[in-house]
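The values are calculated or read from the model by the stated rules, or taken from the named source; none is laboratory data. None of these values were measured; they are calculated from a predicted model. Cβ atoms come from the backbone with ideal geometry, glycine included; neighbour counts cover every protein chain shown.
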Amino acid sequence: MSLLAFSINHNTAPVEIRERVNFAPEKMDQALTGLRACPDVNEAAILSTCNRTEIYCDIDNGNQDSLVKWFSQYHQIDEREIEPYVFVHPDQEAVRHILRVACGLDSMVLGEPQILGQLKDAYSIANKAGTLGIFLNRLFQYSFSVAKRIRTNTAIGGSPVSVAFAAVSLAKQIFSDMSNHTALLIGAGDTIELTARHLKENGIQRMIVANRTIERAGLLAEEFNAKAIALSEMPDHLAEADIVISSTASQLPILGKGTVERAIKQRKHRPIFMVDIAVPRDIEPEVGNMQDVYLYSVDDLKEIIDEGMKSRQEAARQAEEIIDTEVLHFMNWLQSLEAVSLVKNYRENAEAICQETLDKAKRKLANGENPEEVLEELANLLTNKLVHQPSVQMKQASYEGRHDLLEAARILLNIDND
């Protein structure tokens, strides 16, 4: 058994690479089944977000070759092409990595809470797919518990800093007074909901929510007094928007250069501010080359996000100290599993000796022998049989000068030094 965390994330790879290795939600079950079928992979889970694609697995002998091969074949990308962007964390470092991810310490936005929900979703999907076992099950549950403890005992989530917050902050730099502007929000997930909340707090008066499922758009629009439209209606409303923020799970761009060109003409070249938070990207990159369009990707938000990190730095240091301790606790639990079979065999051996001795005593009692003498013999036989083998081994250890074994025996058998 060897735990392994295989990671491509915003720290290691640009958005151009991350979008190519993203796992589509509707194909996650198929991906997990294929991953679990790889040689040496015993358990597996996949976390795939706009900022990271990660595989957590229990793999025999830490053999990652089959894992890398499957990953590159699944995404139809050459192993050499992704090699510079992949980080592999084995065993203890895998435990540390998932704990840091769960707490938001490895996020682009330090301490952001959304990643914990995404990690819980990854766990749930893998659990339903039947690709989890005792090790990953315990690891995920442990990471959830540690994340809760850190959020309770530190101020890691105290500042309102997120990708959504950064996008709205950037919009404020362009439109100082947002009350007279219209925002078009594409998608209806957690990030868009958080974006809508920040826009509302900053005075935006009119919002349009476009989503593939108009019912979901309607729920979000109702909460913020916005207008809900279907994704297919978006081109007809694009010209109304001064601010466009998009975050969907689409595998292909949903907003192309031609659609934006038509909208700009209708606006008489009044500029549009766009933020594409999605990975894969929702807006064709060529849109950024157009006049009167200010297009930012999720990577462009990093500088703004960095400004909001300062208030969380001390909390992050406290969180790292907690994680150091919790990693040791989890590794101790893993190591304790090695003793389970040993203890089980030891108990079974002792129970067999006891049963054999008891059966002999019962036969003597059935033959009418003196009960007191039978009980005394039972106690002597049982004692001799139970201590015989340890005594032989301790004598042999003493003869060989194995003081380490003698000390271990003293501790295991709870024998005083005297």
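Figures for the structure shown
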read-out: Scope segment 174-209; condition free of Cβ contacts under 8 Å to residues at least 12 places away in the same chain and in a helix (DSSP H, G or I); matching residues; value: Glu201
read-out: Residues of segment 24-71 classified as of a type outside the set (Lys, Arg), without any contact (Cβ under 8 Å) to a residue 60 or more places away in the chain and crowded, with 21+ Cβ neighbours inside 10 Å, total; value: 6
read-out: Residue among Gly189, Gly133 that is assigned by TED's automatic domain parsing to the domain that holds Ala44 and either surrounded by fewer than 20 Cβ atoms within 10 Å (Cβ to Cβ) or closer than 26 Å to Arg100 by Cα (or both); value: Gly133
read-out: Matching helices (runs of 4 or more DSSP H) fully within segment 72-170 where at least 1 residues are of a type in the set (Phe, Trp, Tyr) and touching a residue at least 24 places away in the same chain (Cβ under 8 Å); value: 114-129, 134-153
read-out: Cβ-Cβ under 8 Å pairs, at least 6 apart or on other chains, segment 9-20 side more than 16 Å from Ile283 (Cβ to Cβ) and in contact (Cβ under 8 Å) with a residue 60 or more places away in the chain, far side of a type in the set (D, E, K, R) and part of a loop (DSSP other than H, G, I, E, B); value: Asn9/Asp106; Asn11/Asp106
read-out: Residue in segment 384-401 that is of a type in the set (Phe, Trp, Tyr) and surrounded by fewer than 11 Cβ atoms within 10 Å (Cβ to Cβ) present; value: yes
read-out: Given (1) in the same structural domain as Gln118 (by TED's automatic domain parsing); (2) closer than 18 Å to Tyr294 by Cα, number of the condition Asp177 does not satisfy; value: (1)
read-out: Residue check for Glu351: assigned to a helix (DSSP H, G or I), under 30 Å from His388 (Cα atoms), over 36 Å from the mean Cα position of the chain (by Cα) and of a type outside the set (A, V, I, L, M); value: yes
read-out: Qualifying positions in segment 225-264 - of a type in the set (A, V, I, L, M, F, W, C) and either within 31 Å of the chain's Cα centre (by Cα) or outside the structural domain of Ala183 (by TED's automatic domain parsing) (or both); value: Leu231, Val244, Ile245, Ala249, Leu252, Ile254, Leu255
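Rundown of residues vs (1) within 28 Å of Val109 (Cα to Cα); (2) surrounded by 15 or more Cβ atoms within 10 Å (Cβ to Cβ), yes/no style:
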| residue | (1), (2) |
| --- | --- |
| Leu301 | yes, yes |
| Asp306 | yes, no |
| Glu314 | yes, no |
| Arg317 | yes, no |
| Ile322 | yes, yes |
| Phe330 | yes, yes |
| Gln335 | no, no |
| Glu338 | no, no |
